[in-house]
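The values are calculated or read from the model by the stated rules, or taken from the named source; none is laboratory data. In this text the structure is predicted, and so the values were computed from the model without any measurement. Cβ sites come from the backbone with ideal geometry, for glycine too, and all protein chains shown count toward neighbours. We work out accessible area using only protein heavy atoms, side chains counted, and drop any ligands, DNA or RNA first. Shrake-Rupley method; radii C 1.70, N 1.55, O 1.52, S 1.80 Å.
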Amino acid sequence: MDDEPLKDWAERRDARIGRLRAVPVVPGDGPRASHLNPDAPRAIERWNGHAWELYGFAASLADAKAILYPEANEPSPPGPVPKPLGSSSGKHRKPQAPRPDGGGRTQR
């Protein structure tokens, strides 16, 4: 058999500890997909390594996303960030006309 070592499995399991998910709070066996009830409240659950436990609540899908993905709420830098130019002469961008004196690049 190709069983993975217990140490590798434990590291993979422990890497997921603290992960959050949002579960719609809907009555009965209603649809639980987030896109079907975007205005429904959400229970925020946290993985503790063995089971999902209640972590908090959100009023809607938008509020839940703000909790789950806080890096998306950070302001972006103002304006476009200029890329520094390289030290190249730029000759690769346009073909050069042959010189009348036979000079220029040597062919390989």
Discussion item. The conditions are (1) in a helix (DSSP H, G or I); (2) open to solvent by less than 50 Å² (accessible area, probe 1.4 Å), and Gly49 fails exactly one of them. Which is it?
Written reply: (1)
Worksheet item: Only one residue in Pro78, Pro31 is modelled with pLDDT under 85, open to solvent by 90 Å² or more (accessible area, probe 1.4 Å) and part of a loop (DSSP other than H, G, I, E, B). Which one?
Response: Pro78
Discussion item. Out of everything in the stretch 12-22 that is modelled with pLDDT of 90 or more and on the phi < 0 side of the Ramachandran plot, what residue ends up being surrounded by the most Cβ atoms within 10 Å (Cβ to Cβ)?
Written reply: Ala22
Response to the item:
Flagged in the stretch 14-57 as among the acidic types (Asp, Glu) and farther than 18 Å from Pro70 by Cβ, in numbering order, are Asp14, Asp29, Asp39, Glu53
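Which residues, taken from the stretch 40-52, are modelled with pLDDT of 90 or more and out of contact with any Lys or Arg (no Cβ under 6 Å at 6 or more places or on another chain)?
Pro41, Arg42, Ala43, Ile44, Arg46, Asn48, Ala51, Trp52
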